[in-house]
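Colleague: Quick one: structure below, then a few questions.
Since every read-out is calculated from the coordinates, none of them should be taken as a lab result. Computed from a predicted model, the values in this text were never measured in an experiment. Here the Cβ positions follow ideal geometry from the backbone for every residue, glycine too, while neighbour counts run over all protein chains shown.
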Amino acid sequence: MAFTEDLREASEIIRSASAVTILSHIDADGIASEAILREAVSRLNIQTRSVFLRQLEPLMMKWVPKDDTLKIFVDLGAGQQNLIEEHGLSDDEVLILDHHISQPSNIEYRQVNCLPYGIGKLSAAGIAYFVAREMDAGNRDLAKLGVVGNVGDMMAREACGLVGPAREIALDGVTAGNVRITTHDLNCYGLSTRPIHICLSYSDDPIIPGISNNPNGAQAFLERLGITLREPDGRWRVWEELPDEERRTIASAIVEQLIAHGEPVNRIFGESYIFPDEAPRSPLRNASEYATMLNACGRWARPDIGSSVCTGDRDLQYRKAEHMLRHHRSVIRELFQYILDTGVARTDNLQWIHTGDRFPDTIVGIGAGMALSKLDWKRPIMVFCTLPDDPEVVKVSMRTVERVVARGIDLQAALCEASERVGGAGGGHAIAAGAYIPAGTEEVFVREIDDILARQSSSCAENS
């Protein structure tokens, strides 16, 4: 069966349902997925409700209803079909839309998953969008949320832009009029909202000598180029609003800076995805910052607020989302500084730290990724933290960069293998992954991960 046939079958299953329960993850991809499906199903006048889950694991199964609704698991479920089976759900009441590795079960649940078709750069929101489009071509306006989910789940990171079916979604958004694609744009975070020098200082892929993680250095760099940093009214200027000539001046100087320091220049440019229907300089103006706001809502246990924003709320729920975004960034900065101040332990292939209960488990992965830009990027970073509601379990978050993945490192594979050995479970992607392991097994786990990473590096070297 082709991927398109799977999408068609899923749309028919949903259209024939009398009521739907959407069960989704709490990150940006999960929230965007839920919003796409909820909107598409509601447009068919089918009763729907949503349940957000931090993870699909035994303790969370109590939130999965046992009723006569169609249960759509999105951005989770593929790797936990045994739990769904143990929960007593039959094959005709479950539909899974996922982009994670599927684990078999005795029941063959109906599923749309891009991986068996060799599509690795498509998020759950992308699959949800394709199903919604199959349900009704009028749902192309939801492509914008598909872009948010794809970008939020780092599907654009490796190629510095969306590729394959994910880019098809972005083009649908262009057709719908709510997405603008800028090719050969600056590959930085904060193009629409941050002062130019702050935006440049956030560049970590590539790391620009003298500019990355150095706002003062970035400001001095721009001033040497004769770039005015403030508008006549005193506001800081942002990259999105710069005229093309100034953009070219800055980009050329950055390329020269990279070449002068022997750094590659192939990742300094990429595609950006601007949403012209959103207010200029707002956190919803481009895909990466929109995804950050959704992540903030999910990480602070209010994914429903993010979902409301996705489906158009720009009043009370949006103001709540803005508040959570500010708080989210503040706590992540604290975590980032804690990792740098405390320091990491190092093995031959890994750097790691245990934060205990100092920070919420929902943000340690984000902090790890940020800290990596100031640590040894050649070694993946792993952060342990305890769970406030379950002291017998420790959460593990790992992050690395594309250059390390290109050398054969796969964090998802490493965490799945190592966590299974200590009685836990893991998942995710090659560049970012997580696991839950029994408390007290951390030291053994570090050794296991170090050995697996060494094996992955060795295997890649032998094949190159």
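Colleague: Which residue, chosen from Asn214, Leu56, Val151, occupies the Cα position most advanced towards the positive end of the dipole of the chain, where the dipole is computed from +1 (Lys, Arg) and -1 (Asp, Glu) charges on Cβ about the Cα centre?
Modeller: Of the candidates, Asn214 comes out farthest on the positive side.
Colleague: Hey, another quick one. Would you mind getting me the FRET efficiency between Glu12 and Arg224? Use the beta-carbon distance for r and R0 = 56 Å, nearest 0.05.
Modeller: For R0 = 56 Å, the calculated efficiency reads 0.40.
Colleague: State to the nearest 20 debye the size of the charge dipole of region 184-329 about its Cα centre, where the only charges are +1 on K and R beta carbons and -1 on D and E beta carbons.
Modeller: Approximately 540 debye in magnitude.
Colleague: If you take the square roots of the eigenvalues of the alpha-carbon gyration tensor of region 5-121 and sort them as a ≥ b ≥ c, do you get rounded (a/c under 1.5), prolate (a/b over b/c) or oblate?
Modeller: The shape class here is rounded.
Colleague: Toward the positive end of the charge dipole of region 184-329, about the Cα centre and with charges on Cβ (Lys, Arg +1; Asp, Glu -1), which of Ser192, Ile259, Cys310 goes farthest?
Modeller: Of the listed residues, the answer is Cys310.
Colleague: Here's another thing I want to ask about it. Kindly identify region 124-199 as rounded, prolate or oblate by the Cα gyration tensor criterion: order the square roots of the eigenvalues as a ≥ b ≥ c, call it rounded if a/c is under 1.5, otherwise compare a/b with b/c, prolate if a/b is larger, else oblate. Intermediate results must be reported in sequence, preceding the final value.
Modeller: Details: a/c = 2.37, a/b = 1.90, b/c = 1.24.
The shape class here is prolate.
Colleague: Pop out the ³J(HN,Hα) list for region 124-129 in order, Karplus 6.51 cos²θ - 1.76 cosθ + 1.60 with θ = phi - 60°, rounded to Hz; leave Gly and Pro as x.
Modeller: 4, 5, x, 5, 4, 5
Colleague: Want the number for Arg326 to Ser373: 0.36 nm per residue separation, take away the alpha-carbon distance, what's left?
Modeller: That pair, Arg326 and Ser373, stretches by 14.8 nm at full extension.
Colleague: Let me spell out the model: positive unit charges on the Cβ of Lys and Arg, negative unit charges on the Cβ of Asp and Glu, origin at the Cα centre of the chain. What dipole size does that give, in debye rounded to 20?
Modeller: On the way: 47 positive and 66 negative charges, 262 e Å.
Magnitude of the dipole: close to 1260 debye.
Colleague: Something else about it: Answer with one residue from Gly440, Ile227, Phe336: the one whose Cα lies farthest towards the positive end of the charge dipole of the chain, charges on Cβ with Lys, Arg +1 and Asp, Glu -1.
Modeller: Ile227
Colleague: By average Cβ neighbour count within 10 Å, what is the ranking of 164-170, 356-362 from highest down?
Modeller: 164-170, 356-362
Colleague: Right, next: Got a sec to turn the phi values of region 441-449 into Karplus ³J(HN,Hα) couplings, 6.51 cos²θ - 1.76 cosθ + 1.60 with θ = phi - 60°, whole Hz, x for Gly and Pro?
Modeller: Each residue of region 441-449 in turn: 9, 4, 5, 4, 4, 4, 5, 4, 4 Hz.
Colleague: Ok, one more. Using the Karplus equation 6.51 cos²θ - 1.76 cosθ + 1.60 (θ = phi - 60°), what ³J(HN,Hα) coupling, rounded to whole Hz, does each residue of region 180-195 give in order, writing x for Gly and Pro?
Modeller: In residue order, the calculated couplings are 10, 8, 10, 7, 6, 8, 6, 8, 9, 8, x, 4, 9, 10, 9, x Hz.
Colleague: Further, regarding this structure: Count the lysine pairs in the chain whose Cα atoms lie under 26 Å apart, taking only pairs 8 or more positions apart in sequence or on different chains.
Modeller: 10
Colleague: Same structure, new question: Between Ala279 and Ala251, what FRET efficiency comes out of the Förster formula 1/(1 + (r/R0)^6) with R0 = 30 Å and r the beta carbon distance, rounded to 0.05?
Modeller: 0.70
Colleague: What does the C-alpha gyration tensor say about the overall shape of region 360-463? Classify as rounded when a/c is under 1.5, otherwise prolate if a/b is larger than b/c, or oblate.
Modeller: Since a/c reaches 1.5 but b/c is at least a/b, the shape of region 360-463 is classed as oblate.
Colleague: I've got another one for you. Out of region 86-164, which GluC sites (Glu not before Pro) are coil in DSSP terms and have no more than 14 other C-beta atoms within 10 Å?
Modeller: Filter output for region 86-164: Glu108.
Colleague: May I pose another question? Summing -39500 (n - 2.57) over the DSSP H runs of n ≥ 4 in the chain and dividing by its residue number, what mean residue ellipticity at 222 nm do you reach, to the nearest 500 deg cm²/dmol?
Modeller: -13000 deg cm²/dmol
Colleague: Report the calculated FRET efficiency for Ser457 and Glu402 (r = Cβ-Cβ distance, R0 = 25 Å), to the nearest 0.05.
Modeller: Result of the calculation: an efficiency of 0.95.
Colleague: Hey, got the dipole for region 363-403? About the Cα centre, +1 on K and R Cβ, -1 on D and E Cβ, debye to the nearest 20? Intermediate values should be presented prior to the final figure.
Modeller: Working: 6 positive and 5 negative charges, 79 e Å.
Result for region 363-403 is approximately 380 debye, rounded to the nearest 20.
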